[in-house]
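To start, the structure itself, in structure tokens.
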Amino acid sequence: MSAGQDQRGEAFLQKLEAAGYLPCDPSILQPADVFLDLSGEDMRGRLLRASDSAADFCLRPEFTIPVSLAYLASPQAGEAAAFCCHGPVFRQRPGLSPEFLQAGVENFGRNDREAADAEILALALEAAGARDWSIRIGDASLLTALLEKLALPPVWLRRIRSGLAKGQKLDDILNPVMEGAVDHSGVLAALDGADKAGARALVEDLLKIAGISALGGRTSGEIADRFLEQAELRSGAGLDADKRVVLAEFFAVEGHPDKASAKLRTLFEAVGLDLTPEMDSFDQRLNFLAARGIDLNAIHFSAGFARNLDYYTGFVFEAFEAGAPDDAPVFAGGRYDRLLSTLGAKSDIPAVGAAIWIERLNPANGAR
């Protein structure tokens, strides 16, 4: 990393501190299991891990989980608190150094969620300085509410969320190709529609007969569950033609956020689904964004936009400088209300944050 990048990161941190965010410097060495359990598939595959006889560690790949753990260990846990940080993070990156600079901003415990969402996005924009921004947003809570209203089986909920995070097209998500080169169609056909407990026992018995107790890090029980999931996906159970049409129309909605809101409300009314609370929250957030001086014309909403980390539960966003590639946002983040309870809090705690890639900040642009 260059001295210039470090200076830009320090300047960014100073602006965050001036906005009332307390500096936080979580340990570089982190427990690997937390990231393996809670990060997306992409992040899990890029961890830099180190083990000793007692535990499995990794070098911190990002700031959200480490800052969340520090917050839960602090006297402020459960209360409104805001933190910022700056320093190296570590990920396997083919052709690039695994060490690079990030800044982070995290806001916990605020019940005025829409206002907090707008504050995080506005704060990141302000700290980065005047630039030609292109902003992409989505709403994981809106998608979750729709999937729940459609009463999709859990296997389809997981597949849709996972597919979106990987950037897959809807047709590929809804028409899965079964995993592996081996043809398991006979086994899958036998499991299709079978009693789940009995089918699971059958697969486990077959694995025992074959002398397989674990494969690829999965236990025989996990392998059996995977077979059952594939059988359910293969049959298309719980995902009829009408639901496919609704999903296709939902994921086709994109563009200016105000126009997208009108299209979504029209769609939900037409198919008889009441998502009024979620849409009211969506519109209220747009009002707060506009009140913070953010040009809504610079924002592109996409119903199918999702970030590649598993813990996001609501508003998500990425911001690019003009001309930047689609996979290189200057900053990105979103809402993760359930992460804190997963990390040990007694109940969910509202939380929203953003990560800033210091190396992607063009020093020729913006205020420093």
Problem set entry | Packing-based order for 122-129, 73-80, using average beta carbon neighbours within 10 Å, highest first | 122-129, 73-80
Problem set entry | Residue-by-residue Karplus 3J(HN,Hα) for the range 91-101, coefficients 6.51, -1.76, 1.60, Hz, glycine and proline x | 8, 5, 9, x, x, 10, 5, x, 9, 8, 8
Seminar exercise, completed: Between the modelled labels at ARG93 and ASN111 (7 Å from Cα along Cα→Cβ) the distance in nm is 4.1
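Every number in this text was worked out from the coordinates using simple rules, so none of it is lab data. As the structure is a computational prediction, the values presented were derived from the model and not from experiment. Cβ: placed from backbone, ideal geometry, glycine included. Neighbour counts: every protein chain shown.
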